[in-house]
1. Against the longest principal axis of the chain, how steep is helix 369-382, in degrees 0 to 90 to the nearest 10, with axes from Cα atoms?
2. Explain nothing, just the number: dipole magnitude of the chain about its Cα centre with +1 on each Lys and Arg Cβ and -1 on each Asp and Glu Cβ, in debye rounded to the nearest 20.
3. Which loop-located GluC sites (Glu not before Pro) does region 118-168 contain, where loop means any DSSP state but H, G, I, E or B and the Cβ has at most 14 other Cβ atoms within 10 Å?
4. Which aspartates and glutamates, if any, have their Cα less than 16 Å from the Cα of residue 257, not counting same-chain residues under 8 positions apart?
5. Take the solvent-accessible surface of the protein heavy atoms, probe 1.4 Å, and return the percent of it on region 302-361 that carbon and sulfur atoms account for.
6. Just the number please: accessible area per residue for the chain, 1.4 Å probe, all protein chains included, in Å².
7. Report the longest stretch of the chain that contains none of the trypsin sites (Lys or Arg not before Pro) sitting in a DSSP loop with at most 16 other Cβ atoms within 10 Å.
8. Beyond 15 Å, how much of the Cα-Cα pair distribution for region 66-143 remains, as a whole percent?
Amino acid sequence: METVIAFIVIFGTLVAFHEFGHFLFAKRAGIMVREFAIGMGPKILAIRKGETQYTIRLLPLGGYVRMAGEDFDTVELQPGYRVGLLLNAQDEIEKIYLNRNVSNPNILNVEVEKSDLDRELYIEGYDEDGQLVHLKIARTAMIIEKGQETLIAPYDRQFESKSLGSRALAIFAGPLFNFILAFFIFLALGLMNGVPTNEPIISEVKPDTPAEMAGMKKDDLITGVDGKSIDSWPKFSEAIQNSAGVPMSIEVERAGKQIVLDVVPDTVEDAGQEFGQIGVMYSSPLEKGIIKSIVFGAEQTYTWTVKIFELLGMLVTGQFTIDALSGPVGIYKATEEVAQHGIFNLMNWGAVLSINLGIMNLLPLPALDGGRLLFFLFEGLRGKPIDKQKEGMVHFVGIMLLMVLMLVVTWNDIQRFFF
């Protein structure tokens, strides 16, 4: 149950922050946001505030911000269609009933002749006495059908009415907020737990390893590798990992004296890749401070961003196979393992996942934010937007392919962890 709660809290937070980015920049651009949803599938909670409905849905595996005009959500009234109209004190239409039988004596029944519900905002038609009426629609009018109320969206409040830059920012803001969230999590870790000094000091030498055979000891300070200066543990670790099976000369400082030790790292294979390992442990002292924590947050966000892009490059070039990918099941199992090592490790894991979510959404694939940004790029180059029907078809095909990929990855996870 603790793992389930941790998974829902982490994933829910990442998705909420991602969607909040879309929401905030859409609002700043004047776009009407119809729904802010956390989760997918059936609604379990819905609250309306202003023009936006905030919902929590059953499956905690995603979310969305539904903007007016994005999904062809405008209503067209065809000639001959009968509607019920409720007028306000200014004789403007404030409610449009699409149901034919509405018991309200104040409703004006009209057979539509022509109408415009997003630009000119009017309905023209014949009332029950056969008189032609032309009625203005209020900008806050509601369309009511089968008990469901939908706020009309004047064209200037629709997604497509905004400039290319505003639309692109509203889409880019989702992934951007994932990087911002990661930075603040790392910042909080620095403030609460302290920032590692990264001094390359050995805290433990494991028995029967290349390090022990080379004569390494606890508290040795690494100063160089193969004649190159080393001033941090990550640099030392990288040098070891990149030298599997290759003889190395490691300079250490011990009791004020400089000593050179020769070592050959063992070769370790992980996810199809070979890494060097010599059998030493590292335990960095921690320092607290606001400035150090800010720098730590920025460095960790940058470092993990680069690492994930490197892994993506390895996947594209075939150095990784699809079996190395993990879906929701794999993330759940990893969360279960990380949760056993305390809240700070869980926070760190959440920050890495947030960066990963941001990068994945920026990939130029249909149905993802990156795919939509790619269409905006084409629009900027062409000077006019791509046909919406064609773009919609591309995104639909992309969604289908992503669902197939998700099923394959999930099946691999299930086989890996349960069979």
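1. With rounding to tens, the tilt is 70 degrees.
2. Working: 36 positive and 51 negative charges, 122 e Å.
The calculation lands at about 580 debye.
3. Working: sites: 120, 124, 128, 145, 149, 160; in loops: 120, 128.
Answer by residue number: 120, 128.
4. Once the sequence-local aspartates and glutamates are set aside, what remains near residue 257 is 219, 220.
5. Numbers: 2070 of 3210 Å².
Here carbon and sulfur together make up 64 percent of the probe-accessible area.
6. Values: 23510 Å² over 419 residues.
Per-residue accessible area for the chain comes out at 56 Å².
7. Values: sites that count: 100, 119, 146, 217, 218, 288.
Answer - 289-419.
8. Values: 1608 of 3003 pairs.
Tail fraction, whole percent: 54.
The values are calculated or read from the model by the stated rules, or taken from the named source; none is laboratory data. The model shown is predicted, which means the values in this text are computed figures rather than measured ones. Because the Cβ atoms are built from the backbone with ideal geometry, glycine has one as well, and the counts that use them run over all protein chains shown. For accessibility, only protein heavy atoms count, side chains too; no ligands or nucleic acids. Shrake-Rupley method; radii C 1.70, N 1.55, O 1.52, S 1.80 Å.
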